[in-house]
Amino acid sequence: MKTFSLFIFFLLGYAQVLLAQKDSVVIPDPDEYDWSSHIYLGPFINMSIGNYAQLKNALNRQGIDFGRFQTNSMATLSFGIQKQRVKIGMEALYGLNNSNTSKKTATQTRLGFQAWSVTVGYGLIRQRNRQWFLNAGIGFQETRVNIYKMGAASSAPSVPFDNLLNAPTAGQSPTLLHQNTFLELSLEHTFRPKRPVSLNPVVRFGYRYGTKPRDWGSDANISFQNAPADRLNQFFIQSIFVMSKNHKKLTPAEKEARRKNREANTWGINPQ
């Protein structure tokens with residue numbers, strides 16, 4: 001599966017080269033466009049790799065196999081406004097649950113997360129066809145971990161369904177919860193628009209770092225003693241698509257007409 005994902009990622013990179021809009025007298029100059037609104041769609045190659053070192057150490061000491069690096073596929077939806085070289089964006093993302101089963105320790109762990117971020121980007125490079133943005137921002141992430149003890153079905157406790165709140169939890173931990181505000185830095189490559197409406201591939205890779213370590217807790221009605229504290233430490237890579245609505249610059253005549261219209265309509269009412 002990982003090999004297939006890497007193949008698709010490199011295939012997308014090659015597709016970006018093929019999809020680059022070539023110079024042509026028929027295609028409008030990208031400099032004609034002044035600002036754009038963007039919608040980013042990320043159901044394709046969208047991955048993150050996180051490191052929760054203190055949780056790993058605490059679980060490993062209990063005989064629970066929990067890897068140093070946690071890889072998650074992501075689904076994202078984000079919006080942006082771009083004015084020349086400056087871009088402001090807001091992103092919501094969902095990290096799909098991964099699952100790791102260890103036959104050696106007879107345990108299974110699952111990790112997933114949800115997050116949002118607000119970023120400001122600056123166009124470091126703006127060529128005829130391509131543009132590179134450096135994005136920086138702040139966000140918030142909530143990570144959830146579930147742990148199960150694997151065993152024969154006959155050894156599982158029998159629980160009356162009408163008595164769930166008093167059910168034993170042996171062999172299963174409460175959901176572990178970690179919340180962290182983070183800073184984000186990323187580099188983004190896409191193509192400059194040359195049409196009023198455009199659809200282009202985007203490649204973005206970056207890093208998220210927690211502002212300070214936070215203790216692991218639970219969404220259950222319990223509190224932990226000596227809970228490990230982690231700081232978000234996450235790399236991510238995205239190969240997604242952006243749909244843009246692009247607006248041309250006003251000509252001097254259009255600017256003058258707008259100015260006169262505003263002066264003549266101070267209260268927004270057309271004179272008769």
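For this structure, a couple of remarks:
- Leading residue by the ranking (modelled with the highest pLDDT) among those in the range 247-264 that are surrounded by 11 or more Cβ atoms within 10 Å (Cβ to Cβ) and part of a loop (DSSP other than H, G, I, E, B): 249
- Scan the range 192-213 for residues that are out of contact with any Lys or Arg (no Cβ under 6 Å at 6 or more places or on another chain), surrounded by 17 or more Cβ atoms within 10 Å (Cβ to Cβ) and within 23 Å of residue 74 (Cβ to Cβ) and the total you get is 7.
- Residue satisfying all of: in the range 214-242; more than 20 Å from the chain's Cα centre (by Cα) and among the polar types (S, T, N, Q); surrounded by the most Cβ atoms within 10 Å (Cβ to Cβ) among these: 218
- Spans of strands (runs of 3 or more DSSP E) in the range 1-119 with at least 1 residues modelled with pLDDT under 85 and touching a helix residue (DSSP H, G or I) at 6+ places or on another chain (Cβ under 9 Å): 33-51
- Filter pass, residue 115 being touching a Pro at 6+ places or on another chain (Cβ under 7 Å) and crowded, with 17+ Cβ neighbours inside 10 Å: no
- Filter result (basic (Lys, Arg) and either modelled with pLDDT of 95 or more or part of a loop (DSSP other than H, G, I, E, B) (or both)) within the range 207-246: 208, 212, 214, 231
- Among the residues of the range 157-193, those identified as part of a loop (DSSP other than H, G, I, E, B), over 30 Å from residue 114 (Cβ atoms) and at pLDDT below 80 are 157, 158, 160.
- Only residues that are out of contact with any Asp or Glu (no Cβ under 8 Å at 6 or more places or on another chain), on the phi < 0 side of the Ramachandran plot and not aromatic (Phe, Trp, Tyr) were counted in the range 201-238, giving 19.
The values are calculated or read from the model by the stated rules, or taken from the named source; none is laboratory data. Keep in mind that what you see is a predicted model, and the values were worked out from it rather than measured. Glycine also receives a Cβ, built like all others from the backbone with ideal geometry; neighbour counts cover every protein chain displayed.
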